[in-house]
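Novice: Dropping a structure here in structure tokens format, bear with me for questions.
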Amino acid sequence: QKMMMTDPCADFCSTYENTVETGDHLDAKKGPIWLLGECFELDKEGGKRKLKEVIYSKLWFTYRKNFRAIGGTDYTCDTGWGCTLRCGQMMLAQALTWRHLGRDWRREKDLSQNHVYNQLLGEFLDRPESLYSIQQIAQCGVDFSREIGEWFGPNNMCHVIRKLAEFDHWSSMAVYVAMDMTVVFSELKQFCRKKQPHGDRVPSPPAAAAAACVSDELTFRPLLLFIPLRPGQEKIREEYRDAVKACLTIRQSVGIIGGKPKHALWFFGFQGNRLLYLDPHTTQAAINPKKLSAIPDESYHCRAVNFLSISDLDPSISLVGQLIN
């Protein structure tokens with residue numbers, strides 16, 4: 001049900017209660033932890049420290065309040081309906097982090113000189129001029145039969161990201177949604193060699209002006225591949241669970257959007273039969289920095305380690321891989 005009230009956040013400004021463990025209390029006896037193709041042995045020296053560094057370096061997008069209204073509506077908060085949108089932001093941000101900063105990037109203490117990181121984070125700020133903002137995503141969702149303030153499914157989010165990425169000349173990334181759970185490699189190769197479309201509906205950030213000059217040559221673009229799946233009816237069938245976990249051991253994987261009905265989470269690792277995730281169900285104040293060169297980013301990173309049993313995962317999920325030439 002859509003929220004239409006004077007203060008859309010009045011009844012929802014709270015933190016969702018999760019199964020949370022700190023990095024210091026992770027149980028090495030439960031086995032190694034896999035995070036997007038990287039294995040962490042917790043019983044080895046430095047294993048927990050490295051794991052915490054990696055988790056804290058992920059961009060964490062949550063509900064926000066008091067941002068500029070979306071389009072011509074009164075929505076200045078996405079609490080209660082924007083969880084899939086935020087999970088889509090987290091998954092896309094992971095792909096763009098690898099694209100622009102590399103797999104080994106870790107959050108630095110002083111970010112004032114890291115212009116690439118700030119430009120990347122700036123694309124997700126809750127303001128209409130940011131390409132992957134809540135405003136742009138919600139408005140783009142209208143093209144896919146999702147009204148502003150209406151909950152998205154993982155499939156809706158895949159198509160919105162595909163549409164918005166067409167205007168991201170800085171990243172120049174091909175986004176492909178594999179319908180009917182079918183991937184045709186010949187089509188993918190052709191798709192990745194298409195020239196970047198130069199639409200004008202969504203403006204590119206000023207810092208990306210030089211990168212917007214895309215060559216006329218058919219060069220290979222990095223691919224972000226979405227595969228919407230439903231491996232079961234009410235729960236994921238047991239014979240598919242190992243395959244779901246195996247996807248998170250592949251280095252090209254940027255995670256899974258899933259969770260429970262109308263309760264989306266971003267999964268990016270596992271330990272045994274427990275999936276590790278970041279949870280968007282916390283409402284924070286919108287960040288509106290005066291300078292994009294120094295964005296206060298503490299609220300965009302999370303130290304908590306959240307787990308959900310794979311047997312409790314809803315079968316409507318979106319598996320994703322990023323392949324870079």
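The values are calculated or read from the model by the stated rules, or taken from the named source; none is laboratory data. No experiment lies behind these values; they were computed from the predicted model shown. Glycine also receives a Cβ, built like all others from the backbone with ideal geometry; neighbour counts cover every protein chain displayed. Remember, those area values only see protein heavy atoms, side chains included, never the ligands or the DNA or RNA. Shrake-Rupley method; radii C 1.70, N 1.55, O 1.52, S 1.80 Å.
Novice: Looking only at region 259-273, decide whether some residue is part of a strand (DSSP E or B), polar (S, T, N, Q) and touching a strand residue (DSSP E or B) at 6+ places or on another chain (Cβ under 8 Å). Can you show your working first?
Specialist: Pass one, region 259-273, residues part of a strand (DSSP E or B): 259-260, 263-271.
Remaining after also requiring polar (S, T, N, Q): 271.
Within this subset, residues satisfying the condition of being touching a strand residue (DSSP E or B) at 6+ places or on another chain (Cβ under 8 Å) are 271.
Within region 259-273, one or more residues are part of a strand (DSSP E or B), polar (S, T, N, Q) and touching a strand residue (DSSP E or B) at 6+ places or on another chain (Cβ under 8 Å).
Novice: Output the number of the condition that Ile287 fails; it satisfies all remaining conditions of (1) open to solvent by less than 50 Å² (accessible area, probe 1.4 Å); (2) not in a loop (DSSP other than H, G, I, E, B).
Specialist: Status for Ile287: all satisfied but (2).
Novice: Looking only at region 163-188, how many residues end up being buried (at least 17 other Cβ atoms within 10 Å of the Cβ), among the charged types (D, E, K, R) and part of a helix (DSSP H, G or I)?
Specialist: 1
Novice: Right, something else. Among the listed residues Tyr63, Tyr75, which satisfies the condition of being farther than 26 Å from Tyr117 by Cβ and aromatic (Phe, Trp, Tyr)?
Specialist: Values: Tyr63 fails: farther than 26 Å from Tyr117 by Cβ.
Exactly one residue qualifies, and that residue is Tyr75.
Novice: Now, a different point. List every residue pair whose Cβ atoms lie under 9 Å apart, where the two residues are 6 or more positions apart in sequence or sit on different chains, the first residue falls within region 164-175 and is under 12 Å from Cys140 (Cα atoms) and hydrophobic (A, V, I, L, M, F, W, C), and the second residue, located anywhere, is assigned to a helix (DSSP H, G or I) and open to solvent by less than 10 Å² (accessible area, probe 1.4 Å).
Specialist: Pairs that qualify, where the first residue is under 12 Å from Cys140 (Cα atoms) and hydrophobic (A, V, I, L, M, F, W, C) and the partner is assigned to a helix (DSSP H, G or I) and open to solvent by less than 10 Å² (accessible area, probe 1.4 Å), are Leu164/Leu92; Leu164/Ile137; Leu164/Cys140; Ala165/Leu92.
Novice: Continuing with the same structure: Within region 290-314, which residues are of a type in the set (Asp, Glu) and open to solvent by less than 10 Å² (accessible area, probe 1.4 Å)? Walk me through it before giving the result.
Specialist: Taking region 290-314 as the starting set, the residues that turn out to be of a type in the set (Asp, Glu) are 297-298, 312, 314.
Within region 290-314, Asp297 is the sole residue that qualifies.
Novice: Here's a follow-up. If the Cβ limit is 8 Å and pairs must be 6+ apart or interchain, which residue in region 217-229 that is assigned to a loop (DSSP other than H, G, I, E, B) and basic (Lys, Arg) pairs with which residue that is open to solvent by less than 40 Å² (accessible area, probe 1.4 Å) and at pLDDT below 90?
Specialist: Arg221/Cys192; Arg221/Gln196
Novice: Before we move on, is Ser253 of a type outside the set (A, V, I, L, M), at pLDDT below 95, over 16 Å from Leu36 (Cβ atoms) and touching a strand residue (DSSP E or B) at 6+ places or on another chain (Cβ under 8 Å)? Spell out how you get there, then give the answer.
Specialist: Values: of a type outside the set (A, V, I, L, M): yes; at pLDDT below 95: yes; over 16 Å from Leu36 (Cβ atoms): no; touching a strand residue (DSSP E or B) at 6+ places or on another chain (Cβ under 8 Å): yes.
No: the conditions fail for Ser253.
Novice: Across region 252-284, what is the total count of residues that are more than 16 Å from the chain's Cα centre (by Cα) and surrounded by fewer than 24 Cβ atoms within 10 Å (Cβ to Cβ)?
Specialist: 9
Novice: Checking Val320 against (1) at pLDDT 85 or above; (2) open to solvent by less than 30 Å² (accessible area, probe 1.4 Å), which single condition isn't satisfied?
Specialist: Here Val320 meets the rest and fails (1).
Novice: Can you name every one of the helices (runs of 4 or more DSSP H) wholly within region 44-151 that holds 1 or more residues which are within 15 Å of the chain's Cα centre (by Cα), surrounded by fewer than 22 Cβ atoms within 10 Å (Cβ to Cβ) and charged (D, E, K, R)?
Specialist: 83-100
Novice: For region 226-245, which positions are touching a strand residue (DSSP E or B) at 6+ places or on another chain (Cβ under 9 Å), among the hydrophobic types (A, V, I, L, M, F, W, C) and open to solvent by 20 Å² or more (accessible area, probe 1.4 Å)? Walk me through it before giving the result.
Specialist: So the first thing to find is which residues in region 226-245 are touching a strand residue (DSSP E or B) at 6+ places or on another chain (Cβ under 9 Å), and the list is 226-231, 236, 240, 244-245.
Next cut, among the hydrophobic types (A, V, I, L, M, F, W, C) only: 226-227, 229, 236, 244.
Ile227, Leu229, listed by residue number.
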